[in-house]
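Here's the structure we're looking at; comments come further down.
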Amino acid sequence: MNPKFYLWIVFLFVIPSSAQTAPVRIAPPPAPPSAAGPPIMDEDDARSRVEHDLEKKAAKERMEALRSDTDKLLKLSVELKSYVDKSDENVLSLDVIKKAEAIEKLAKSVKEKMKGPN
């Protein structure tokens, strides 16, 4: 056989196959999210989250104050009832009047707190 023939066979089969077996580059996997914290938020998201947290905290504090005030209101009402029961129809003590004024003031405060910050 002709040496040119062998040369053509080499060019036809060997060179194209070597070009096809070139190393394939694989992209590295994406970096895992950091365990340090949540994903980075933009400024508006951060501000709205802080405002929401503050509103939630204020509502919780308002409810605690309402519970405390209503407990005081109940206590004052029971005391007023006791003072009135001890008084007769002709004489009301100064303590009864002061207790009634304290109840009135506290009741207005509770009413305003129930309405909320608006």
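The values are calculated or read from the model by the stated rules, or taken from the named source; none is laboratory data. What you see is a predicted model; the values in this text were computed from it and never measured. Cβ atoms come from the backbone with ideal geometry, glycine included; neighbour counts cover every protein chain shown.
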Take segment 76-90 and flag every residue that is over 11 Å from ILE103 (Cβ atoms) and among the charged types (D, E, K, R).
ASP85, LYS86, ASP88, GLU89
Sort out for me the helices (runs of 4 or more DSSP H) sitting completely within segment 1-91 that have 2 or more residues that are among the charged types (D, E, K, R), surrounded by 10 or more Cβ atoms within 10 Å (Cβ to Cβ) and at pLDDT 60 or above.
43-86
